[in-house]
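Report on the structure given below.
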2 protein chains.
Amino acid sequence: MRADARRNYDKILATARIVFTERGTDSSLDEIAKRAGVGPGTLYRHFPTREALVDALMQDWTDRVSADADAAIATGLPARQMLLGWFEHFIDHITLHRGAASKICAAMDDPASPMYRKCRVMSDANRRVIDHLDADGQLRPGIDAANVMRLVSGVASVADTSHTELDVRPMLEVVVDGIVHD
Amino acid sequence: MRADARRNYDKILATARIVFTERGTDSSLDEIAKRAGVGPGTLYRHFPTREALVDALMQDWTDRVSADADAAIATGLPARQMLLGWFEHFIDHITLHRGAASKICAAMDDPASPMYRKCRVMSDANRRVIDHLDADGQLRPGIDAANVMRLVSGVASVADTSHTELDVRPMLEVVVDGIVHD
DNA sequence: GCTAAAACGGAGACAGTCTCCGTATTGTGG
DNA sequence: CCACAATACGGAGACTGTCTCCGTTTTAGC
């Protein structure tokens, strides 16, 4: 990659991080280009779609989410607390930029999406937590990690979409009660 | 309301129902106007926002959803089956037009939305089911009907957003297990 | 029929997406 | 160190969708 290309790539990414945080992941891409001091053509060459841009920004998250999952397992807490903590961390991360949660929901089951691979990393992180507890006999029989991921992403999406500041805790408690063994 | 106004109003609504079913609730409004044989101005005079149009189409649903809730209660089935049946019916209705579910999620906690009143009707329907079972002692203590509604709408939204045909049943089972008494 | 009120519709302003291609920048072999 | 491919830039502009304004048409009551 040429030096100027790398420079612009980084500049666009840094600007996108700011704008997406300020105004959500549906902000105008041309405006991001303008604020980054590049032409729209340059932005679209580096990131052909909005999803590709969101995907590039997600890199940090997937690392942190993955680490969070392992940290949750390491606590050795009972299933209820472990899951609640893990889910809350997960939701905190994916709702960092408004609109991201629902994009992740959509990408999760769409291998054609540029974000699919990142979603898999997060799904795998979740699977580790679920498998760990399942092996321990702490979960109801027949719990499918993929469905748990979808459910929790759904909660994130609802919280993110809602115009009021919504507390996700009560919803997560229902989900957790539906997962853990009686 | 003048005769021509009524005529156009109905024509727009009928067309929107077709187009929203074919291509989802994010279809071009100008195209709906064109296919209805009216000018864009006419469409926007009757329905100032896309939400207002979706709202008008939802009228049927709210009635049916309300009836479904009462029908579910009337079955007298145990909580698990009653809730599963009710939730599935509810989701079937609100995912009739692609994109509607997430709009409903957003409107549910936004009194400023034109759809807010319709959402309330559906929330009330859900509350009847929940209250009925709760009075019967079949639910865990502290279950909040509003959160149940958000959770189930979230499941609907996930299913609707997903690019694959997603079976909502397993997710609903988790939710139901989280609601009903051990 | 006449008239005022109500409603129509489409031209066009505006905003966002995305592309094409002439111009500029880079780095490499001589 | 410089010439020249290869690579990347950027902005004009095509395109699509939203939404408004206002001259024209339709309606309903007298």
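The values are calculated or read from the model by the stated rules, or taken from the named source; none is laboratory data. None of these values were measured; they are calculated from a predicted model. Every residue, glycine as well, gets a Cβ built from its backbone with ideal geometry; the counts of neighbours run over all protein chains shown.
Details
- Qualifying residue in the stretch A:116-137 (condition: of a type in the set (S, T, N, Q) and either farther than 23 Å from A:Asp160 by Cβ or away from chain B (no Cβ under 13 Å) (or both)): yes
- Selection of the stretch A:154-176 for residues being within 7 Å of another protein chain (Cβ to nearest Cβ), farther than 19 Å from B:Ile179 by Cα and within 13 Å of the chain's Cα centre (by Cα) yields only A:Ser157.
- The single residue among B:Arg80, B:Arg98 that is under 16 Å from B:Ala156 (Cβ atoms), at pLDDT 95 or above and among the basic types (Lys, Arg) turns out to be B:Arg98.
Table: residues versus (1) away from DNA strand C (no atom under 12 Å from the Cβ); (2) of a type in the set (Phe, Trp, Tyr); (3) in contact with a helix residue (DSSP H, G or I) (Cβ under 6 Å, 6 or more places away or on another chain).
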site	(1), (2), (3)
A:Ala14	yes, no, no
A:Phe20	no, yes, no
A:Gly41	no, no, no
A:His46	no, no, yes
A:Thr49	no, no, no
A:Asp70	yes, no, no
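- Filtered residue count, the stretch B:1-34, keeping only those that are buried (at least 17 other Cβ atoms within 10 Å of the Cβ) and free of Cβ contacts under 8 Å to residues at least 24 places away in the same chain: 5
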